[in-house]
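Following: one structure in structure tokens, then a few remarks.
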Amino acid sequence: MVGGGIIGLVTAWRAARRGLRTAVVDPDPGGGAARVAAGMLAAVTELHYGEETLLGLNLASAARYPAFVAELEESTGHDVGYRACGTLAVALDADDRAHLRELHALQTRCGLSSEWLSGRECRRLEPMLAPGVRGGLRVDGDHQVDPRRLAAALLVACERAGVVFHRVLAERLTVVRDRARGVLLTDGEELTADQVVLAAGSLSGRLAGVPDEVLPPVRPVKGQVLRLRIPAAYAPFLSRTVRAVVRGSHVYLVPRANGELVVGATSEELGWDTTVTAGGVYELLRDAHELVPGITELPLTETLAGLRPASPDNAPLLGPSALPGLHLATGHYRNGVLLTPLTGDVMAELLTTGALPDEARPFTPRRFSTTPPVRQEQPA
Ligand code: GLY
């Protein structure tokens, strides 16, 4: 496994549980985008036009969450902060309301469950909402998990399942006679493997040794996220995730059971930059304050930026690449946390049986391939 973020870890855990000898290469396993992510499981509220196939995958993974969490918590004794709290998407002005009405129509056409509420009904559910909220969509099926706890639990689950960790960078993929054969590590060690999974998030497109035609077309999309603390005297500040599109930018507030409030997120095409900027923090606080004015009373505890691994069609790349022996589990973009249970299951099935399950077939990396792989000879 090249990459020890939540996608690499869940794949390693599931594969090891099915009897495969598994190793993870990552200088900081359990880190990556999950350290930043808010952990919304937003299959319904983050639905977009033209992404109905992805919706099916997202819903399938959301449906697996309760059993996945129960198994992971039982295996590790770690609470992953799964909270079946639902989501309220609200509108602040006439344009927002029109946007939300369109989303509601799309959700209804897709057979999804969401309920239109007046501004007053929204405030009855969430009294901290601004008086100016003009309507909203109640989506009781979009929940949350704490990605940091999820990553920590997956790390423990992997260790208990016998996964070996190499806490260094992978320098290059080893290819012998047109087949992936392992990875060379930056400490000079060479690992050999019958199958290699590239699950390195936004870095997946940069591993040396992977033929150009096989490199996944993923790019980093920066997201800045804030963490605040809800003092006990203010609880319950919000009882569910609240989100909106304010002046074209998405903002969401995710209240955790432990009193943390996560506010996200910017979406910036700035390459590998992970600077937290005054402008990013200002825009998030400004938009969040318009939704929930009381937010300015809360202690601000953390600001962080991470990189979403985006693909050309916003959907993940799951399954065998055009280079035999190399599989991809990357490009999860805005849905990495949501797609964690399903990704682990389909990748473990592929690794143990050689067959990619039906639900993952529309997401095979080959949808982006135009030419067969270039032959690359390297010493074993
Ligand atoms: N899914 C939330 C985000 O990517 O910001």
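Readers should treat all values here as calculations from the given coordinates under stated rules, not as data from a laboratory. Because the structure is predicted, anything quoted here is derived from the model rather than measured. All Cβ positions, even for glycine, are placed from backbone atoms using ideal geometry, and neighbour counts span all protein chains on display.
Given Cα positions, please report Rg to Rh for segment 198-353, the hydrodynamic radius being the Kirkwood one.
Using Cα coordinates only, the ratio equals 1.06.
Among Ala310, Val262, Leu100, whose Cα projects farthest towards the positive end of the dipole of the chain, with charges put on the beta-carbon of Lys, Arg (+1) and Asp, Glu (-1)?
Checked the options; the winner is Leu100.
Provide the descending list of Cα extents for the chain along its principal axes, expressed in whole angstroms.
68, 40, 39
Please state the charge dipole magnitude for the chain, taken about the Cα centre, from unit charges on C-beta atoms (+1 on K and R, -1 on D and E), reported in debye and rounded to the nearest 20.
260 debye
Beta carbons within 10 angstrom, averaged per residue: use that to sort the peptides 208-221, 30-43, highest first.
Taking the mean over residues of other Cβ atoms within 10 Å, the ranking is 30-43, 208-221.
Step through the residues of segment 298-307 one at a time and calculate ³J(HN,Hα) from phi using the Karplus curve (6.51 cos²θ - 1.76 cosθ + 1.60, θ = phi - 60°), rounding each to whole Hz and writing x for Gly and Pro.
Couplings: 7, x, 8, 9, 7, 10, 7, 10, x, 10 Hz.
So what's the net charge close to Val221: Lys and Arg +1, Asp and Glu -1, counting the other residues with Cβ under 12 Å from its Cβ?
Once positives and negatives cancel, what remains is +1.
By count of other Cβ within 10 Å, fewest leading, how are Cys110, Cys85 ordered?
Final ranking by Cβ density, sparse to dense: Cys110, Cys85.
Which value in nm describes the separation of the simple spin-label points at Thr303 and Ala84, placed 7 Å from the Cα toward the beta carbon?
Each label point lies 7 Å from its Cα, and together they span 3.8 nm.
What ranking do Leu54, Leu9, Leu300, Leu117 get, fewest neighbouring Cβ atoms within 10 angstrom at the top?
Exposure proxy ranking, most exposed first: Leu300, Leu117, Leu54, Leu9.
Antiparallel as a % of all DSSP beta bridges within segment 150-305, to the nearest 5?
Around 95 percent antiparallel, to the nearest 5.
Express the relative contact order of the chain as a whole percentage, based on alpha carbon pairs under 8 Å and six or more residues apart in sequence.
24 percent
Less than 12 Å Cβ to Cβ from Val36, Lys/Arg counted +1 and Asp/Glu -1: what total charge do the surrounding residues give?
+4
Going by amide H atoms built from the backbone, whose H comes under 5 Å of the H on Cys85, apart from near neighbours?
Gln144
Counting only helical runs of four or more DSSP H residues, what would the 222 nm mean residue ellipticity of the chain come to if each run contributes -39,500 (n - 2.57) and the total is spread over all its residues?
Computed ellipticity for the chain at 222 nm equals -8500 deg cm²/dmol.
Distance in nm between label sites at Glu74 and Glu190, each 7 Å beyond Cα in the beta-carbon direction?
Spacing of the two 7 Å Cα→Cβ label points: 4.4 nm.
If we count every other residue with Cβ under 13 angstrom of Thr87's Cβ, Lys/Arg +1 and Asp/Glu -1, where does the sum land?
Net local charge, Thr87 excluded: -1.
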